[in-house]
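A quick write-up on the structure given underneath.
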Amino acid sequence: MARWIYGVGGFLVILSFSFFLFYSVRAFNITPDRPSASYTAPDYRFVLVTEEVDNDYWRLVEKGAREAATKYNVSLEYTGPKQANLEEHIKTIEMAAASKPDGIMAQGLNQDVSATIINRVTEKGIPFLTVDTDAPDSKRVAYVGTDNYYAGFLAGQALLKDTNDEVKVGIITGRFDSANQKLRVEGFKDAIKYSDRVDVVAIDASQITRIQAAEKTYEMIKAHPEINAFYGTSALDAIGIVQVLESIGMTDQVYVIGFDVLPETMQLLKDGKLEATVEQKPYEMGYNAVELMIQIIEGEDVSTYHHTVTEVLRKKDLKQLERTTPGGIKLP
């Protein structure tokens, strides 16, 4: 009799616990710790290392890469320093390599360190793609991005076309140790070197920040009041330049050409405060890099250079651009 009572009691305890568990799952949305039936393990894992993780330009590169990763069933990690910093950039690439991904995509660093860090990664059997900035002396498999010398040359040609009489140019560049920034300055100077009316009178670096772009612009104008044109070679430079010109009432007196099509840049172009900007294709860079990395891993022959389209936009061009650019930038 006692054994029967204990048995019934045990059954009731188990039954009560089962009801408790069932309704806990219903009430608190507790889900079993197992993948859903629709889950598919990614085919590959890639790491995209950015120069500056929250930079608007690099977020567009990331967006393109993520859309391609989703399409091709690739796991993508996006990482980088909070602010542009060469040492942090190197450490991030090293940590990425230590995690043994199937491929790494990153901006080429300056000429002194690019080959060392990239070669170290490739010697571990990890294919390396440079994005936005190349490192041609390294063992990177290929480069995806702007032809930066050509982009700078286009900027110089645009200035020549848009201006008359004598022009004194101040250049605000992102960083002196950045390969892509150097090429953009070099291309610009080559475009204007045969003109007897255009001269570069000063150049300084913004460290890829709007604040320093503004500070360097102000200092440059004080030291060289004859400047009547500015060229900004990184995404935030022209924004900082125009900020200073507005504050001192000189937007109508100074020609400004910048880089990239960030929303604020496009608004300045629409408002006539910026004469021109060099449009790159960061979304396409990210998307193409993922596609190319898959081809490399799967043994396909790929070319070394994959240049994305580059062109100069002016206010008059906006009327013809009734579209949304890939990456979600709405052109005014």
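Just to be sure I understand the filter: pairs with C-beta atoms under 8 Å, separated by 6 or more residues or on different chains, first member in the stretch 65-86 and at negative phi and assigned to a helix (DSSP H, G or I), second member among the hydroxyl-bearing types (Ser, Thr, Tyr) and surrounded by 15 or more Cβ atoms within 10 Å (Cβ to Cβ). Which pairs pass?
65/78; 65/287; 66/78; 67/287; 68/287
Here are some residues: 137, 190. Which one is in a loop (DSSP other than H, G, I, E, B), free of Cβ contacts under 8 Å to residues at least 60 places away in the same chain and surrounded by fewer than 18 Cβ atoms within 10 Å (Cβ to Cβ)? Full working, then the answer.
Details: 190 fails: in a loop (DSSP other than H, G, I, E, B).
Exactly one of 137, 190 is in a loop (DSSP other than H, G, I, E, B), free of Cβ contacts under 8 Å to residues at least 60 places away in the same chain and surrounded by fewer than 18 Cβ atoms within 10 Å (Cβ to Cβ), namely 137.
Kindly indicate which of 246, 215, 284 is closer than 30 Å to residue 72 by Cβ, in a helix (DSSP H, G or I) and charged (D, E, K, R).
Details: 246 fails: closer than 30 Å to residue 72 by Cβ; 215 fails: closer than 30 Å to residue 72 by Cβ.
The match here is 284.
Please indicate, with yes or no, whether at least one residue in the stretch 280-290 is modelled with pLDDT under 95 and under 29 Å from residue 250 (Cα atoms).
Yes, because at least one residue in the stretch 280-290 is modelled with pLDDT under 95 and under 29 Å from residue 250 (Cα atoms).
Would you tally the residues in the stretch 30-66 being at pLDDT 85 or above and surrounded by 10 or more Cβ atoms within 10 Å (Cβ to Cβ)?
Quick first cut of the stretch 30-66, residues at pLDDT 85 or above only: 41-66.
Next, only the ones that are surrounded by 10 or more Cβ atoms within 10 Å (Cβ to Cβ) stay: 42-66.
So the answer is 25.
Against the definition (among the acidic types (Asp, Glu), out of contact with any Phe, Trp or Tyr (no Cβ under 8 Å at 6 or more places or on another chain), surrounded by fewer than 23 Cβ atoms within 10 Å (Cβ to Cβ) and closer than 30 Å to residue 192 by Cβ), how does residue 162 come out, yes or no?
no
Within the stretch 286-305, restricting attention to residues that are within 20 Å of residue 51 (Cα to Cα) and of a type outside the set (A, V, I, L, M), which residue is surrounded by the most Cβ atoms within 10 Å (Cβ to Cβ)? Steps first, answer last, please.
First, pick out the residues of the stretch 286-305 that are within 20 Å of residue 51 (Cα to Cα): 286-290, 293.
From what's left, of a type outside the set (A, V, I, L, M): 286-288.
On the way: 286: 32, 287: 24, 288: 20.
The selected residue is 286.
The values are calculated or read from the model by the stated rules, or taken from the named source; none is laboratory data. The model shown is predicted, which means the values in this text are computed figures rather than measured ones. All Cβ positions, even for glycine, are placed from backbone atoms using ideal geometry, and neighbour counts span all protein chains on display.
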